[in-house]
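K.L.:
The structure is given below, and queries will be raised subsequently.
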Amino acid sequence: MARVKRTPRFIAALEKMDRKGRERALKAVDKFIVNPRLPGLKLEKLQGFENMWSIRFGGGDRILLSKGEDDRGEVWTLHDAGPHEIYRKAGR
């Protein structure tokens, strides 16, 4: 099982979504926690970023996350969620 942390930016992105979008995003996070390599999530490392990954939660919707470590081991940080265009904000 994966451990995750949510950033304020990720929480704000969820709050901006409609109910269905928020439910899809949270369902994807739940699946990620159980099995990060689940094929439907399409976990992929983003090119051009040192430590940025994405998972899918809809046709064009993504969750941006990074992988790190703390005193308990591996932990993933959820940074943002939304349409594919969030990749442009990822470097900020």
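K.L.:
For the chain, modelled as a GNM with alpha-carbon contacts under 10 angstrom, which of 31, 20, 42 fluctuates the most?
P.N.:
So, out of 31, 20, 42, the one fluctuating most is 20.
K.L.:
Using only alpha carbon pairs under 8 Å that are at least six residues apart, calculate the relative contact order of the chain and give it in whole percent.
P.N.:
Relative contact order of the chain: 32 percent.
K.L.:
Something else: For the chain, what is the accessible area per residue in Å² when the probe is 1.4 Å?
P.N.:
63 Å²
K.L.:
Carbon and sulfur: what percent of the chain's accessible surface (1.4 Å probe)?
P.N.:
51 percent
K.L.:
Identify which of 38, 65, 78 has the largest mean-square fluctuation in a Gaussian network model of the chain, with springs joining Cα atoms closer than 10 Å.
P.N.:
38
K.L.:
Additional query: Give me the net charge of residue 11's neighbourhood, meaning all other residues with Cβ under 12 Å from the Cβ of residue 11; Lys, Arg count +1, Asp, Glu -1.
P.N.:
+3
K.L.:
Provide the solvent-accessible area of residue 85, counting protein heavy atoms only and rolling a 1.4 Å probe, rounded to the nearest 10 Å².
P.N.:
So the heavy atoms of residue 85 present about 100 Å² to solvent.
K.L.:
Could you list, bin by bin from short to long, the percent of Cα-Cα pairs of the chain in 5 Å steps?
P.N.:
The calculated distribution, bin by bin, is 3, 14, 27, 28, 19, 7, 1, 0.
The values are calculated or read from the model by the stated rules, or taken from the named source; none is laboratory data. This one's a predicted model, so the numbers in the text were calculated from it and none came from an experiment. So basically every Cβ, Gly included, is an ideal-geometry build from the backbone, and we count neighbours across all protein chains shown. Just the protein is used for accessible areas: all its heavy atoms, side chains included, with ligands, DNA and RNA removed. Shrake-Rupley method; radii C 1.70, N 1.55, O 1.52, S 1.80 Å.
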